[in-house]
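S.K.: Next up is a structure, given as structure tokens.
Please treat every number below as a calculation from the coordinates, not as lab data. What you are looking at is a predicted structure, and each value in this text was computed from that prediction instead of being measured. No Cβ is skipped: glycine too gets one built from the backbone with ideal geometry, and neighbour counts run over all protein chains shown.
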Amino acid sequence: MDIKEAIKERHSVRQYKDIPIGEDERKKLASLIEQCNAESGLSIQLVCDDTQCFDTFLAHYGKFSNAKNYIAMVGKKSLADLDERCGYFGQRLVLEAQMMGLNSCWVAGTYSKGKCKANIASDERIVCVIAIGYGENNGSEHRSKAVEKLCDIAEADMPDWFKTGVEAAMMAPTALNQQKFTITLDGDKALITAKAGPMTKIDLGIVKYNFEAASGHKC
């Protein structure tokens, strides 16, 4: 599976098999997280075999089961783009995990910050977590807005790389499937912006990573 296939095949999964993540996969994730932290300045952490973080009413209401492993997206409070940065590097990890055969789900509200076992310094904030493991299923494709609602460039006028990036961006997970982002083309550079809304800055990072990974062009 390559990155474009991972973008297409990856869907949110809330029900997991009651088995631990394999040692090889843990090592690969730990190495990738170390790389992401070095590049981003974040303090991303992999937490495994924690039965408490998702032991909340909202998690049960959200139909999470056997969600015992997660990636905690943590960073300095002083970072102006902390939420976006977490979305960007978190999505990189999500897609790499998909290529390893692991399923995932972005979670911003239906987990317990108080029970989360990530190490969070006084000058840091946990932005969200990403549930990860072997899914009971592969999830289902989310509905997307029409391309003209998300991009002001007519499809006939899109360069091939830009069209590839837009298609990948449309497949990106967003909070409540709100897709409050817009994509435009400024010369030979794509510009992606987010409207106001819950978790839209995290979404912006996720969307940007999908676009860049598929198109090969930086935003």
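S.K.: Express as a percent, rounded to the nearest 5, the fraction of DSSP beta bridges in the chain (both residues included) that run antiparallel.
M.R.: Taking every DSSP beta bridge within the chain, about 90 percent pair in antiparallel fashion.
S.K.: Compute the separation of the alpha-carbon centres of region 163-211 and region 9-42 and state it in Å as a whole number.
M.R.: 23
S.K.: Can you put Trp161, Trp106 in order of Cβ neighbours within 10 angstrom, beginning with the fewest?
M.R.: The order, fewest Cβ neighbours first, is Trp161, Trp106.
S.K.: Another question, if that's okay. Quick one: Ile153, Ile19, fewest Cβ neighbours within 10 Å first, how do they rank?
M.R.: Sorted ascending by nearby Cβ count, the order is Ile19, Ile153.
S.K.: Within straight cross-link reach of Lys149, meaning Cα distance under 14 Å, which aspartates and glutamates are found once same-chain residues fewer than 8 apart are removed?
M.R.: Result set, ordered by chain and number: Glu167.
S.K.: Counting other beta carbons within 10 Å of each residue's own, what order do Ile126, Ile71, Ile183 fall into, fewest first?
M.R.: Lowest to highest Cβ neighbour count: Ile126, Ile183, Ile71.
S.K.: Taking the Cα centre of region 3-133 as the origin and placing charges on Cβ (Lys, Arg +1; Asp, Glu -1), which of Ile130, Ala38, Gly75 is farthest toward the positive end of the dipole?
M.R.: Checking the options against the dipole of region 3-133, the answer is Ile130.
S.K.: Of Gly187, Pro198, Ser215, which is farthest on the positive side of the dipole of region 147-215, counting Cα position, with +1 on Lys and Arg Cβ, -1 on Asp and Glu Cβ, and the Cα centre as origin?
M.R.: Of the options given, the answer is Pro198.
S.K.: OK, next. With charges set only on the Cβ (+1 for Lys and Arg, -1 for Asp and Glu), what does the dipole of the chain come to about its Cα centre, in debye to the nearest 20?
M.R.: 660
S.K.: For semi-axes √(5λ) of the Cα gyration tensor in Å, the listed values are (1) 32, 22, 16; (2) 34, 18, 14; (3) 28, 19, 17; which was obtained by calculation from the structure presented?
M.R.: Of the listed options (1) 32, 22, 16; (2) 34, 18, 14; (3) 28, 19, 17, (3) comes from this structure.
S.K.: While we're here: List the trypsin sites (Lys or Arg not before Pro) within region 101-166 that DSSP assigns to loop and that have no more than 11 neighbouring Cβ atoms inside 10 Å.
M.R.: Arg143
S.K.: Let me ask another. Could you give the angle, 0 to 90 degrees to the nearest 10, between helix 23-40's Cα long axis and the longest principal axis of the Cα atoms of the chain?
M.R.: 60
S.K.: So which of Lys4/Lys113; Lys4/Lys189; Lys27/Lys195 end up more than 28 Å apart, counting from Cα to Cα?
M.R.: Lys4/Lys113; Lys27/Lys195
S.K.: A follow-up question, please. Among the GluC sites (Glu not before Pro) in region 83-130, which ones are in a DSSP loop with at most 12 other Cβ atoms within 10 Å of the Cβ? Mind listing them?
M.R.: none
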